[in-house]
Amino acid sequence: MAPYLREGSSVNTATTPLARIRAINDTAAFNRWCGIEVESAEPGKVEISMPWRPEASQYSGFLHAGLIGASIDTACGFAAATVVGRVLASHFAVNCLRPAVGERFVARARVVKPGKALVFTACDLYAQAGGREQLVATGETHLMVVAAEAAA
């Protein structure tokens, strides 16, 4: 059973969207490896960040597109979770606008349209360095709402 489904899990007992999304993030080994932190969460909006690490680069030294996609997917999933609970990505698309170079990467996601079965989200990914911020990618995700019973 997934850690976030266990009775008494901090995910199930969290009282604010920020506490709940942080608890979900804490259960994800991949997110911990990436160093993803949940900076803010409110209904329909989430901001996450990830520090630069050399092992996250592609052959030219930029942030690997796989991690760009993972950041966008994670932020969108968290934004959807603040509105409808558990979700699973059914489709996502990423637009890399420029090389992702920075000290830190920040993904800001928002719910575009919540639904009973699907949630549509969008996200902007920024590179931060030297006190400046630059848009490096955008994306959108369609997420399926997952009933708790289906995961048991």
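The values are calculated or read from the model by the stated rules, or taken from the named source; none is laboratory data. Keep in mind the model is a prediction, meaning the values are calculated, not measured. Cβ coordinates were reconstructed from backbone atoms using ideal geometry, including for glycine residues, and neighbour counts include every protein chain displayed. For accessibility, only protein heavy atoms count, side chains too; no ligands or nucleic acids. Shrake-Rupley method; radii C 1.70, N 1.55, O 1.52, S 1.80 Å.
Would you be able to say whether some residue in region 80-88 is of a type outside the set (Phe, Trp, Tyr), touching an Asp or Glu at 6+ places or on another chain (Cβ under 6 Å) and crowded, with 16+ Cβ neighbours inside 10 Å? No, because not a single residue in region 80-88 is of a type outside the set (Phe, Trp, Tyr), touching an Asp or Glu at 6+ places or on another chain (Cβ under 6 Å) and crowded, with 16+ Cβ neighbours inside 10 Å. Only residues that are part of a helix (DSSP H, G or I) and either more than 26 Å from Ala23 (Cα to Cα) or open to solvent by 20 Å² or more (accessible area, probe 1.4 Å) (or both) were counted in region 53-66, giving 4. Filtered by the rule that a residue be open to solvent by 70 Å² or more (accessible area, probe 1.4 Å), over 16 Å from Gly69 (Cα atoms) and modelled with pLDDT of 95 or more, region 132-152 gives Arg132, Glu133, Gln134, Met144. Within region 21-37, the set of residues being crowded, with 18+ Cβ neighbours inside 10 Å, of a type in the set (Val, Ile, Thr) and farther than 17 Å from Leu67 by Cβ comprises Ile21, Ile24. Of Ala107, Ala75, all but one fail to be within 15 Å of the chain's Cα centre (by Cα), part of a helix (DSSP H, G or I), aliphatic (A, V, I, L, M) and modelled with pLDDT of 95 or more; the exception is Ala75.
Would you confirm whether any residue within region 115-126 is exposed (fewer than 13 other Cβ atoms within 10 Å of the Cβ) and without any contact (Cβ under 8 Å) to a residue 24 or more places away in the chain? No, there is no match, as no residue in region 115-126 is exposed (fewer than 13 other Cβ atoms within 10 Å of the Cβ) and without any contact (Cβ under 8 Å) to a residue 24 or more places away in the chain.
Before we move on, is Glu133 assigned to a strand (DSSP E or B), within 13 Å of the chain's Cα centre (by Cα) and acidic (Asp, Glu)? Here the answer is no, as Glu133 does not meet what is asked.
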